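The values are calculated or read from the model by the stated rules, or taken from the named source; none is laboratory data. Owing to the predicted nature of the structure, the values given are computational and were not obtained by experimental measurement. Virtual Cβ from ideal backbone geometry, glycine too; neighbours counted across all protein chains shown.
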Amino acid sequence: MKEISRRTKAKGDLPGSIYLRGNVYWIKYYKDGKPLRESARTGDYETAQAELAKRIDEVKHGKTPNVQLPRIKFEDLSKDFLSDYRINEKKSLKRAAASEKHLKKFFGGMRVVEITTSKILEYIEGRLDSEAAKATINRELSALKRMLNIGAQSTPPKVDRVPHIPMLKENNVRKGFFEPADFLALRDKLPGHLKPVVTFGYVTGWRISEILSLEWSQVDRKNGIVRLDPGDTKNDEARTIYLDEELLEDFKELWERRKALASALPFVFLNKKGDDRIDGFRKAWMSACKTAEIGLRKFHDFRRTAVRNMVRAGIPERVAMTISGHKTRSVFDRYNIVNDKDLKLAAHAQREYLKSELGTKTGTVSDFSLHKEKRATAN
C-alpha cells in the first residue's frame, strides 16, 4: 500500500492523513483518540483533501462522521422501505413491493452514493424503452425517493443527501363516466343482487372495495346514515354520508332480505345465494355492458361520474370531496370531467349573461357594436 501522508492545515490542530489505495485516495482522522478511515471516493488529491477537512470539521463541532455511508447499498434502503409499509399497515404495500422489485433490477447491488440523478435518468429511459406506463414509472420514482428519505432520517443516517429525482409528466385526465341513460341501461341488465351495489356506487362515488366490505354495523338505518371508520378507507379518513330516498329504499330491501334468509352475516351486500358477501362480478358486469350496448366501462367510472354530478348539482366541492372520499384537490380535479354537454351549458349561460348585460338579441360583441352605432346615428 502506497501512502502519501500530509497533516491537514485547513482546520488547525487535529491530525489527519491522505493515502492511496490503488487509484483511490483514502483519508484518516481521529475521533476521541481513535483513528477513523474511509474512502474519499476520488482519485484527485485536492478533492480528497477537502473531504478530509470536512470530516475534521465535523469532529471539531461534536458530530460523529458516519464512516459506514459509503458502504450502504440499495438493498439496505429497500429493506427499511418495505418495513415502514408493514409496520404502519399501509394499504398500498403490494404496490410498493412491485415498485421495489422493478427498482432492484436496476439499482440492486449499487452503493447509495452511486445513486445519482444521472443514474436515475438512465433508469427512466430504460423503463420507457420497456414501454412501462409513465404513471407506473412515477410510482417507482416516488418509492425510490421515499427510500432515500427514510435513509436520510435514520440514526445514524444511511443517506448523506437525496439526489434530485425528476418526475414524468402524465396525461392522467380521466375520461370515462356515465350519463344517466347509460347508467340506467347498465343497471337494468344486471342481476337483482347487484343493482343496489351499482346504485350506491353511482350516487356516492365510493370505491368498489369500500362498498363490498360495508357492514350493517356501519349503517344507521333509522337516520339513513352510513359511516366508514378511518381504518376502512384508503386515505385513512373517516367518512359519513346520508342516504337519499332511492338508497334508503334499497337498504330497506337489503335488510328485509337478510331477515328472510335468517343470515348472521355482517355484510350489507350479499351474493346471489345470500350465503356470503359479494366477492366480485366482473363477468356479470361485462355481460351487462355488452347487452346494454354502452361499450365496456369500469366500475371506477362511477367515482368520477359522482364527482361531476355533485358539482353540477351545485354541491360545494369540499362537501363533494368528503362524500366521495377524495383527499387531495388535484385528484378531485382530474375527476371533474368537462364534456360537450358542459361546454354547451357554459355557452348558453354566457349567451344569457351577455344578453342581459348588453341588451341585444344574441348578446354578441358585434351586435353590441352595431347597437352603439345606431344610437350614435340617431342622436
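Quick notes
- Hits in segment 287-300 - residues which are buried (at least 19 other Cβ atoms within 10 Å of the Cβ) and either assigned to a helix (DSSP H, G or I) or at pLDDT 95 or above (or both): Ala288, Cys289, Ala292
- Any hit, segment 57-68, residues being touching a Phe, Trp or Tyr at 6+ places or on another chain (Cβ under 9 Å) and either surrounded by fewer than 12 Cβ atoms within 10 Å (Cβ to Cβ) or aliphatic (A, V, I, L, M) (or both): yes
- Matching residues in segment 254-273 - criterion: being loosely packed, with under 14 Cβ neighbours inside 10 Å and touching a residue at least 12 places away in the same chain (Cβ under 8 Å): Leu261, Pro266, Lys272
- Where Pro166 falls short, out of the listed (1) at pLDDT 90 or above; (2) crowded, with 17+ Cβ neighbours inside 10 Å; (3) of a type outside the set (Lys, Arg): (2)
- Within segment 16-34, if we keep just the residues that are within 12 Å of Arg55 (Cβ to Cβ) and more than 47 Å from the chain's Cα centre (by Cα), the residue that is modelled with the lowest pLDDT turns out to be Gly16.
- Flag for Arg304 being in contact with a helix residue (DSSP H, G or I) (Cβ under 6 Å, 6 or more places away or on another chain) and either surrounded by fewer than 19 Cβ atoms within 10 Å (Cβ to Cβ) or modelled with pLDDT under 85 (or both): yes
- Checking Asp182 against (1) over 23 Å from His300 (Cα atoms); (2) touching a helix residue (DSSP H, G or I) at 6+ places or on another chain (Cβ under 8 Å); (3) assigned to a helix (DSSP H, G or I), the condition it does not meet: (1)
- Restricting segment 118-153 to residues that are more than 15 Å from Lys169 (Cα to Cα) and of a type in the set (A, V, I, L, M, F, W, C), the residue that is surrounded by the most Cβ atoms within 10 Å (Cβ to Cβ) is Met147.
- Of all residues in segment 39-61, those that are farther than 15 Å from Leu20 by Cα have Cβ atoms under 6 Å from Cβ atoms of residues that are among the basic types (Lys, Arg), 6 or more apart or on another chain, in Ala53/Lys11; Ile56/Lys11; Asp57/Lys11; Val59/Lys31.
- Among the residues of segment 121-161, the one identified as over 17 Å from Ser99 (Cβ atoms), assigned to a helix (DSSP H, G or I) and either in contact (Cβ under 8 Å) with a residue 24 or more places away in the chain or in contact with a His (Cβ under 7 Å, 6 or more places away or on another chain) (or both) is Leu121.
- With respect to the conditions (1) more than 30 Å from Gly33 (Cα to Cα); (2) modelled with pLDDT under 90, Glu58 lacks only one, and its number is (1).
- Qualifying positions in segment 252-286 - part of a helix (DSSP H, G or I), more than 31 Å from the chain's Cα centre (by Cα) and under 17 Å from Lys195 (Cβ atoms): Lys252, Glu253, Leu254, Trp255, Glu256, Arg257, Arg258
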